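Visitor: The structure that follows is given in the form of C-alpha cells.
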Amino acid sequence: EPEVTQTPSHQVTQMGQEVILRCVPISNHLYFYWYRQILGQKVEFLVSFYNNEISEKSEIFDDQFSVERPDGSNFTLKIRSTKLEDSAMYFCASSRFGQSDTQYFGPGTRLTVL
Amino acid sequence: AQSVSQHNHHVILSEAASLELGCNYSYGGTVNLFWYVQYPGQHLQLLLKYFSGDPLVKGIKGFEAEFIKSKFSFNLRKPSVQWSDTAEYFCAVNREYGNKLVFGAGTILRVKS
C-alpha cells in the first residue's frame with residue numbers, strides 16, 4: 001500500500017538556523033499538508049497546498065515558514081530561522097482530493113531546536 | 001473557532017472489555033468526522049470516517065463510531081478490545097468544504113493482557 005514518507009526522522013538544529021523538512025506524498029495525490037505536534041499538545045494544522053499554491057494556512061504559519069513542491073515527488077517545509085518553540089513533531093499528509101477527502105499521514109520528523 | 005474535545009486522556013482496560021471514547025466538537029455547520037489511530041512507533045492511520053448518510057460508521061479492526069448531530073458528538077466504540085489495540089486515538093473534524101483537520105488532544109489506550 002502506498003505511504004507518505006518523511007526525511008529525516010529526527011533533526012537537531014541550533015536556534016536561528018534554517019531547516020528543511022522533506023516529504024514524499026502518495027504519488028497520485030494532489031493535496032498536501034503540514035501539521036505539527038508540540039510535545040504534550042494537540043496536532044495542529046499548519047498549511048495546505050494544491051496546484052503549486054498555498055490553499056489554506058494557520059496563524060502559526062508566519063513568514064518564517066514556507067512550503068514548496070520543487071519537483072514532481074517532493075514536498076518541503078522550510079523554517080527560515082528556527083526558534084526554541086519550533087521544537088515539535090512535524091507531520092506531512094496528502095490526499096487525492098481536497099474538500100474533506102481522507103488525509104494520509106507520514107511518520108513525522110522530530111525537530112529539536114537547541 | 002472550531003475545537004474538538006476528547007474526554008479521556010488515558011484509558012486502561014483489560015482484554016475483552018468494551019471501549020467507548022468520547023469526542024465532541026464545536027462547529028455549527030456541516031462537518032466531516034474522523035478517528036485516527038497511532039500505534040506505538042507508527043504513523044497516524046485512519047480508523048474510520050463520517051461524511052454523510054448512516055450515522056453509525058464501521059471502520060477497520062472492529063471499531064465503529066456514531067455521529068449524533070444534536071449532541072455534536074462522534075464517539076468511538078469497540079465491543080471487545082485486544083492487547084493490540086494499545087495505541088493513541090485521535091478524533092478530528094473538518095468543515096464540509098475545508099481542508100484543515102482540527103484534532104482533539106488524543107486518548108492513550110492501554111489494554112492489559
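The values are calculated or read from the model by the stated rules, or taken from the named source; none is laboratory data. Predicted model only: the values in this text are computed from it and were never measured. All Cβ positions, glycine included, derive from the backbone under ideal geometry; neighbour counts span all protein chains shown. Just the protein is used for accessible areas: all its heavy atoms, side chains included, with ligands, DNA and RNA removed. Shrake-Rupley method; radii C 1.70, N 1.55, O 1.52, S 1.80 Å.
Visitor: Taking the conditions exactly as written (more than 10 Å from every other protein chain (Cβ to nearest Cβ), of a type in the set (Ser, Thr, Tyr) and farther than 16 Å from A:Ala93 by Cα), does A:Thr7 satisfy them or not?
Guide: It is false that A:Thr7 is more than 10 Å from every other protein chain (Cβ to nearest Cβ), of a type in the set (Ser, Thr, Tyr) and farther than 16 Å from A:Ala93 by Cα.
Visitor: Could you check the range A:80-109 and list, in sequence order, the residues that are closer than 22 Å to B:Val31 by Cα and among the small types (Gly, Ala, Ser)?
Guide: Once the filter is applied, which keeps residues that are closer than 22 Å to B:Val31 by Cα and among the small types (Gly, Ala, Ser), the range A:80-109 yields A:Ala93, A:Ser94, A:Ser95, A:Gly98, A:Ser100.
Visitor: OK, next. Among the residues of the range B:20-35, is any assigned to a loop (DSSP other than H, G, I, E, B), in contact with a helix residue (DSSP H, G or I) (Cβ under 9 Å, 6 or more places away or on another chain) and either of a type in the set (A, V, I, L, M) or open to solvent by 30 Å² or more (accessible area, probe 1.4 Å) (or both)? Walk me through how you get there before you give the answer.
Guide: At the first step, the residues of the range B:20-35 found to be assigned to a loop (DSSP other than H, G, I, E, B) are B:22, B:27-30.
Now narrow it down to the ones that are in contact with a helix residue (DSSP H, G or I) (Cβ under 9 Å, 6 or more places away or on another chain): none.
So far as the range B:20-35 goes, no, none of its residues is assigned to a loop (DSSP other than H, G, I, E, B), in contact with a helix residue (DSSP H, G or I) (Cβ under 9 Å, 6 or more places away or on another chain) and either of a type in the set (A, V, I, L, M) or open to solvent by 30 Å² or more (accessible area, probe 1.4 Å) (or both).
Visitor: Among the residues that make up the range A:18-41, is at least one of them touching a residue at least 60 places away in the same chain (Cβ under 8 Å), of a type in the set (Asp, Glu) and either touching a strand residue (DSSP E or B) at 6+ places or on another chain (Cβ under 7 Å) or under 30 Å from B:His9 (Cα atoms) (or both)?
Guide: Yes, that holds for at least one residue.
Visitor: Look through the range A:17-44, keep the residues that are open to solvent by less than 40 Å² (accessible area, probe 1.4 Å) and not in a strand (DSSP E or B), and return whichever of them is farthest from A:Arg110 (Cα to Cα).
Guide: Within the range A:17-44, the match that is farthest from A:Arg110 (Cα to Cα) is A:His29.
Visitor: Restricting the search to the range B:44-63, which residues are assigned to a strand (DSSP E or B) and either away from every other protein chain (no Cβ under 12 Å) or open to solvent by less than 70 Å² (accessible area, probe 1.4 Å) (or both)?
Guide: Step one: list which residues in the range B:44-63 are assigned to a strand (DSSP E or B), which gives B:45-50, B:56-58.
Result: B:Gln45, B:Leu46, B:Leu47, B:Leu48, B:Tyr50, B:Leu56, B:Val57, B:Lys58.
Visitor: Based on this model, can you work out whether B:Gly98 counts as under 28 Å from A:Ser48 (Cβ atoms), touching a Ser or Thr at 6+ places or on another chain (Cβ under 8 Å) and open to solvent by less than 40 Å² (accessible area, probe 1.4 Å)?
Guide: Working: under 28 Å from A:Ser48 (Cβ atoms): yes; touching a Ser or Thr at 6+ places or on another chain (Cβ under 8 Å): yes; open to solvent by less than 40 Å² (accessible area, probe 1.4 Å): yes.
Spelling it out, B:Gly98 is indeed under 28 Å from A:Ser48 (Cβ atoms), touching a Ser or Thr at 6+ places or on another chain (Cβ under 8 Å) and open to solvent by less than 40 Å² (accessible area, probe 1.4 Å).
Visitor: Residues that are within 14 Å of chain B (Cβ to nearest Cβ) and within 11 Å of the chain's Cα centre (by Cα), at least 3 per element: which strands (runs of 3 or more DSSP E) completely within the range A:64-113 meet that?
Guide: Because the criterion is at least 3 residues that are within 14 Å of chain B (Cβ to nearest Cβ) and within 11 Å of the chain's Cα centre (by Cα), the strands (runs of 3 or more DSSP E) in the range A:64-113 that meet it are A:88-95.
Visitor: Related question: Between A:Ile54, A:Ile60, which is within 13 Å of the chain's Cα centre (by Cα), free of Cβ contacts under 8 Å to residues at least 40 places away in the same chain and closer than 22 Å to B:Ala105 by Cα?
Guide: So the residue among A:Ile54, A:Ile60 that is within 13 Å of the chain's Cα centre (by Cα), free of Cβ contacts under 8 Å to residues at least 40 places away in the same chain and closer than 22 Å to B:Ala105 by Cα is A:Ile60.
Visitor: How many residues does the range A:1-16 contain that are assigned to a loop (DSSP other than H, G, I, E, B), within 19 Å of A:Phe49 (Cα to Cα) and among the hydroxyl-bearing types (Ser, Thr, Tyr)?
Guide: The qualifying residues number 0.
Visitor: Further question on the same structure: Could you please find all residues in the range A:24-33 being closer than 20 Å to A:Thr7 by Cβ and away from chain B (no Cβ under 11 Å)?
Guide: Scanning the range A:24-33 gives A:Val24, A:Pro25, A:Ile26, A:Ser27, A:His29.
Visitor: Something else: Could you check how many residues of the range A:47-63 are within 12 Å of another protein chain (Cβ to nearest Cβ) and open to solvent by 40 Å² or more (accessible area, probe 1.4 Å)?
Guide: 6
Visitor: Given the condition hydrophobic (A, V, I, L, M, F, W, C) and more than 12 Å from chain A (Cβ to nearest Cβ), answer yes or no: does some residue in the range B:29-43 qualify?
Guide: The answer is no, given that none of the residues of the range B:29-43 is hydrophobic (A, V, I, L, M, F, W, C) and more than 12 Å from chain A (Cβ to nearest Cβ).
Visitor: May I ask you to say which residue of B:Gly106, B:Gly29, B:Gly62, B:Gly41 is of a type outside the set (A, V, I, L, M, F, W, C), within 30 Å of A:Ile60 (Cα to Cα) and at pLDDT 95 or above?
Guide: Matching residue, one of B:Gly106, B:Gly29, B:Gly62, B:Gly41: B:Gly106.
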